[in-house]
Number of protein chains: 2
Amino acid sequence: MLEEILAQPAALERTLARGLRTAAALARVIGKRRPKLIVLAARGTSDNAAQFARYLLEITTGIPVSLAAPSIFTLYGARVDVRDALVVAISQSGESTDTNLVLERAREAKALTVGITNEARSTLARIADHVFLVRAGRERSVAATKTYTGQLMLCYLLAQALGATIRTDDLRRVAEWTQAALTLAPEIAERTERYRFMERAVVVGRGLNYANAFEFALKLMETCYVLADRFSAADFLHGPIAMVERSFPVFLFAPPGVTWLGMRGVIRRLQALKAETLIITDASHGAAIAMGSPTLIVPTKLVSTNVVPAELFTPIPYIVPAQLFAAHLAERKGLDPDRPRTIEKVTRTL
Amino acid sequence: MLEEILAQPAALERTLARGLRTAAALARVIGKRRPKLIVLAARGTSDNAAQFARYLLEITTGIPVSLAAPSIFTLYGARVDVRDALVVAISQSGESTDTNLVLERAREAKALTVGITNEARSTLARIADHVFLVRAGRERSVAATKTYTGQLMLCYLLAQALGATIRTDDLRRVAEWTQAALTLAPEIAERTERYRFMERAVVVGRGLNYANAFEFALKLMETCYVLADRFSAADFLHGPIAMVERSFPVFLFAPPGVTWLGMRGVIRRLQALKAETLIITDASHGAAIAMGSPTLIVPTKLVSTNVVPAELFTPIPYIVPAQLFAAHLAERKGLDPDRPRTIEKVTRTL
């Protein structure tokens with residue numbers, strides 16, 4: 001798992017370089033036939049990437065997005081009207097039976113289809129009209145890392161193809177920031193000692209980093225067997241915060257930008273409750289650092305411009321400290337993050 | 001909270017009787033202007049009702065549904081193109097600032113709007129084109145119960161207005177089944193003793209009962225301070241099941257119908273891991289009962305016909321044992337479920 005975390009900057013560069021052509025081809029099709037709806041179908045870590053895409057695409061393109069509930073197609077056999085939609089399936093293996101079935105149904109309805117996968121020869125790659133490939137090499141750890149960030153990168157290209165203002169130069173810098181984030185490894189390895197006996201935790205994110213809260217929680221569950229629940233800052237205050245008592249561990253993604261005010265409110269509430277908070281933020285964001293809670297600072301300066309909000313490119317570098325945390329905590333707990341008990345890499349869903 | 005749980009059958013009857021007229025009026029409008037997309041906006045328990053509506057509406061009407069992420073409208077100020085959509089906000093108080101803003105934006109875009117709320121004089125009731133009222137009386141407990149089931153009832157009427165084959169007679173029987181479910185109270189009160197020291201748990205549902213998994217987990221978090229994570233049966237097998245060891249508590253909604261095969265697979269896996277499972281099912285469903293795990297049996301015979309799948313009307317009666325469980329467990333733990341620490345009834349989100 002650690003090896004695959006370290007491989008991410010190179011994988012992102014390759015994925016971006018080769019994905020640009022696919023994006024350009026897709027953009028030509030979309031120029032003629034703009035979708036009125038985007039449907040995203042995925043499971044597990046890929047579903048977390050879809051959660052990111054949901055925010056990214058609605059924010060940058062204004063096209064409504066629906067995260068598909070595959071069972072509606074597979075179990076209930078419903079005929080959802082997706083004629084005017086762009087239907088996107090995301091799957092590391094490309095062999096997720098239920099998300100592939102959503103794509104099949106979409107094809108039958110004459111919708112435009114896109115697949116995002118690691119495997120060029122998979123069923124998904126065969127049935128989708130357009131295929132974005134994650135060029136991350138074979139992922140051997142059951143806990144997905146490099147395929148998640150690769151999927152996120154391709155979501156940016158998908159947004160670009162749909163007309164969003166996303167500059168390729170900024171995407172190139174994302175790979176550099178990911179490299180910078182890896183330098184946190186020794187600090188994180190040390191910090192995990194404190195969490196040796198953690199059995200439950202909460203992860204909070206919002207907006208573009210909400211998906212990262214899902215992904216961090218999933219890594220903690222899969223590799224460390226920590227029951228980790230994930231909430232948006234807003235939903236967390238609506239009820240679940242009642243659980244939090246002194247020393248309750250809460251991890252927060254706190255980038256600069258529009259989500260900061262709400263996140264600051266959550267952090268203050270947690271500080272008053274004497275919870276054990278750990279904030280993932282970046283060097284540009286003095287406000288988060290100044291709150292006095294322990295922080296993991298992604299060593300990069302993100303730049304906000306007129307066209308791109310400050311946190312647009314944070315999700316990929318921000319998940320890196322979380323991946324490192326899960327991998328090192330698993331080691332501290334004497335567990336093998338590459339081969340969690342009970343589960344397998346490819347899940348076929350009834 | 002217990003008092004409000006007991007008030008549900010009567011509240012459901014009132015809500016149904018008065019809601020039929022609203023549904024008929026909405027049906028006339030929809031006859032002229034069929035929406036191509038349904039957008040649902042909500043927070044907290046109301047968001048769990050929206051999760052139910054998502055399945056119900058796609059299965060019974062075939063119109064794609066998107067669960068809105070309010071921050072996309074409120075924080076990112078995105079202009080999502082909802083012109084051809086039906087936009088539905090669900091809020092107990094009708095004063096949720098962010099979901100109301102989603103509805104305001106929808107009005108500006110000339111979308112058709114619907115509000116589902118407990119409060120006839122709320123902001124939400126004022127701004128929505130069509131208003132469905134939950135006739136449950138004032139809800140005093142911070143933990144919502146009778147407003148949740150009332151919202152579910154109105155979701156059926158919304159589906160009916162959109163042309164779904166949902167017979168009013170069946171909806172009337174839902175109130176009777178809810179009454180029958182309340183007879184489980186003594187059994188549940190006794191059973192909670194075993195869970196006195198439970199600190200973490202998982203709730204599994206799927207399809208139409210997936211929302212109930214969210215709602216049961218939220219009740220356990222708010223009223224019992226148990227960290228309760230909720231998963232669809234499919235996502236659970238994709239990774240989080242790795243956490244489960246001997247005696248790990250897992251609650252499952254296992255109605256008859258199309259989700260049963262997958263749920264049976266989950267139960268078998270959990271039995272092999274010697275987890276502490278408790279299955280919510282009904283008297284018609286011998287298959288679930290025969291698996292030998294402890295069950296809470298809703299004492300009703302659900303009937304499957306050609307037009308309605310067996311589990312279509314299970315979600316309201318099935319949440320009742322879960323509500324009772326949370327209320328009684330809170331009591332066992334010496335907590336006051338009506339006034340959880342830290343949180344308030346109406347949450348205004350930045």
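Could you check the range B:40-50 and list, in sequence order, the residues that are at the interface with another protein chain (Cβ under 9 Å from one of its Cβ atoms), part of a helix (DSSP H, G or I) and not small (Gly, Ala, Ser)?
B:Thr45, B:Asp47
Considering only residues that are in a helix (DSSP H, G or I), without any contact (Cβ under 8 Å) to a residue 24 or more places away in the chain and open to solvent by 50 Å² or more (accessible area, probe 1.4 Å), look in the range A:259-297 and name the one that is nearest to B:Pro70 (Cα to Cα).
Per the criteria, the residue is A:Leu261.
Identify, from the list B:Thr99, B:Thr60, the residue that is among the hydroxyl-bearing types (Ser, Thr, Tyr), outside any strand (DSSP E or B) and either under 22 Å from B:Arg28 (Cα atoms) or touching a Phe, Trp or Tyr at 6+ places or on another chain (Cβ under 7 Å) (or both). Break it down into steps so the answer makes sense when it comes.
Values: B:Thr99 fails: either under 22 Å from B:Arg28 (Cα atoms) or touching a Phe, Trp or Tyr at 6+ places or on another chain (Cβ under 7 Å) (or both).
Among B:Thr99, B:Thr60, only B:Thr60 is among the hydroxyl-bearing types (Ser, Thr, Tyr), outside any strand (DSSP E or B) and either under 22 Å from B:Arg28 (Cα atoms) or touching a Phe, Trp or Tyr at 6+ places or on another chain (Cβ under 7 Å) (or both).
A:Ala189 fails exactly one of the following numbered conditions: (1) assigned to a loop (DSSP other than H, G, I, E, B); (2) in contact (Cβ under 8 Å) with a residue 24 or more places away in the chain. What is the number of that condition?
The one condition A:Ala189 does not meet is (1).
Restricting the search to the range B:18-37, which residues are farther than 10 Å from B:Leu162 by Cα and without any contact (Cβ under 8 Å) to a residue 60 or more places away in the chain?
B:Arg21, B:Lys32, B:Lys36, B:Leu37 - these are the residues of the range B:18-37 that are farther than 10 Å from B:Leu162 by Cα and without any contact (Cβ under 8 Å) to a residue 60 or more places away in the chain.
How about the range B:232-253: which of its residues are more than 9 Å from chain A (Cβ to nearest Cβ) and outside any loop (DSSP other than H, G, I, E, B)?
Matches in the range B:232-253: B:Phe236, B:Pro249, B:Val250, B:Phe251, B:Leu252, B:Phe253.
Output the number of the condition that A:Leu86 fails; it satisfies all remaining conditions of (1) part of a strand (DSSP E or B); (2) under 24 Å from B:Ser232 (Cα atoms).
Unmet condition: (2).
Of the residues B:Ser122, B:Ser66, which single one is modelled with pLDDT of 95 or more and surrounded by fewer than 22 Cβ atoms within 10 Å (Cβ to Cβ)? Before you say what the answer is, go through the steps one by one.
Details: B:Ser66 fails: surrounded by fewer than 22 Cβ atoms within 10 Å (Cβ to Cβ).
Every option except B:Ser122 fails the conditions.
Looking only at the range A:260-280, count how many residues are within 10 Å of chain B (Cβ to nearest Cβ) and basic (Lys, Arg).
Total satisfying the criteria: 2.
Can you say whether B:Thr145 is modelled with pLDDT of 95 or more, out of contact with any Phe, Trp or Tyr (no Cβ under 9 Å at 6 or more places or on another chain) and closer than 18 Å to B:Ala211 by Cβ, as far as the supplied structure shows?
Details: modelled with pLDDT of 95 or more: yes; out of contact with any Phe, Trp or Tyr (no Cβ under 9 Å at 6 or more places or on another chain): yes; closer than 18 Å to B:Ala211 by Cβ: yes.
Criteria met by B:Thr145.
Which one of B:Asp169, B:Asp229 is more than 11 Å from every other protein chain (Cβ to nearest Cβ) and of a type in the set (D, E, K, R)?
Answer to the selection: B:Asp169.
Given A:Arg138, A:Arg43, which one is at pLDDT below 95 and buried (at least 24 other Cβ atoms within 10 Å of the Cβ)?
Values: A:Arg138 fails: buried (at least 24 other Cβ atoms within 10 Å of the Cβ).
Of the residues listed, the single one that is at pLDDT below 95 and buried (at least 24 other Cβ atoms within 10 Å of the Cβ) is A:Arg43.
Among the numbered criteria (1) at negative phi; (2) over 16 Å from the mean Cα position of the chain (by Cα); (3) modelled with pLDDT of 95 or more, which one does B:Asn48 miss?
All conditions are met except number (2).
Within the range B:84-99, track down each residue that is surrounded by fewer than 24 Cβ atoms within 10 Å (Cβ to Cβ) and either of a type in the set (Val, Ile, Thr) or more than 9 Å from chain A (Cβ to nearest Cβ) (or both).
Across the range B:84-99, the qualifying residues are B:Ser93, B:Glu95, B:Thr97.
Those residues that are touching a Ser or Thr at 6+ places or on another chain (Cβ under 9 Å) and open to solvent by 10 Å² or more (accessible area, probe 1.4 Å), I need them from the range A:236-247; list them, please.
A:Leu237, A:His238
Would you confirm, using the coordinates I've provided, whether B:Glu190 is more than 21 Å from B:Leu16 (Cα to Cα) and within 11 Å of chain A (Cβ to nearest Cβ)?
When the stated conditions are applied, B:Glu190 does not pass them.
Here are the criteria: (1) modelled with pLDDT of 95 or more; (2) not in a helix (DSSP H, G or I). Tell me which single one B:Ile166 does not satisfy.
Against the list (1) modelled with pLDDT of 95 or more; (2) not in a helix (DSSP H, G or I), B:Ile166 comes up short only on (1).
Looking at this structure, is B:Pro256 open to solvent by 10 Å² or more (accessible area, probe 1.4 Å) and in a loop (DSSP other than H, G, I, E, B)? Reasoning before the result, please.
On the way: open to solvent by 10 Å² or more (accessible area, probe 1.4 Å): yes; in a loop (DSSP other than H, G, I, E, B): yes.
So B:Pro256 passes the test.
Name the residue that is nearest to B:Phe236 (Cα to Cα), counting only residues in the range B:174-223 that are β-branched (Val, Ile, Thr) and open to solvent by less than 20 Å² (accessible area, probe 1.4 Å). Even if it seems obvious, please write down each step before you answer.
First, pick out the residues of the range B:174-223 that are β-branched (Val, Ile, Thr): B:174, B:178, B:183, B:188, B:192, B:202-204, B:223.
When the remaining residues are screened for being open to solvent by less than 20 Å² (accessible area, probe 1.4 Å), the result is B:174, B:178, B:188, B:192, B:202-204, B:223.
On the way: B:Val174: 29, B:Thr178: 28, B:Ile188: 26, B:Thr192: 24, B:Val202: 9, B:Val203: 10, B:Val204: 8, B:Thr223: 24 Å.
Among those residues, the one meeting the criterion is B:Val204.
Got a sec? Which of A:Leu57, A:Leu101, A:Leu112 is within 24 Å of B:Ile72 (Cβ to Cβ) and more than 20 Å from the chain's Cα centre (by Cα)? Walk me through how you get there before you give the answer.
Details: A:Leu57 fails: more than 20 Å from the chain's Cα centre (by Cα); A:Leu101 fails: within 24 Å of B:Ile72 (Cβ to Cβ).
Exactly one residue qualifies, and that residue is A:Leu112.
Can you run down the residue pairs with Cβ atoms below 9 Å, 6 or more apart or on separate chains, where the first is in the range A:67-79 and facing chain B (nearest Cβ under 7 Å) and the partner is open to solvent by 40 Å² or more (accessible area, probe 1.4 Å) and outside any helix (DSSP H, G or I)?
Within 9 Å, the pairs are A:Ser71/B:Val258; A:Leu75/A:Leu350; A:Leu75/B:Val258; A:Tyr76/B:Val258; A:Tyr76/B:Pro309.
Somewhere in the range A:20-34, is a residue open to solvent by 60 Å² or more (accessible area, probe 1.4 Å), hydrophobic (A, V, I, L, M, F, W, C) and under 22 Å from A:Thr147 (Cβ atoms)?
No, every residue in the range A:20-34 fails to be open to solvent by 60 Å² or more (accessible area, probe 1.4 Å), hydrophobic (A, V, I, L, M, F, W, C) and under 22 Å from A:Thr147 (Cβ atoms).
The values are calculated or read from the model by the stated rules, or taken from the named source; none is laboratory data. Since we're looking at a predicted model, the values are computed, not measured. As a convention, Cβ positions derive from the backbone with ideal geometry for all residues, glycine included, and neighbour counts pool all protein chains shown. Protein only, heavy atoms only, side chains kept; ligands, DNA and RNA dropped before computing areas. Shrake-Rupley method; radii C 1.70, N 1.55, O 1.52, S 1.80 Å.
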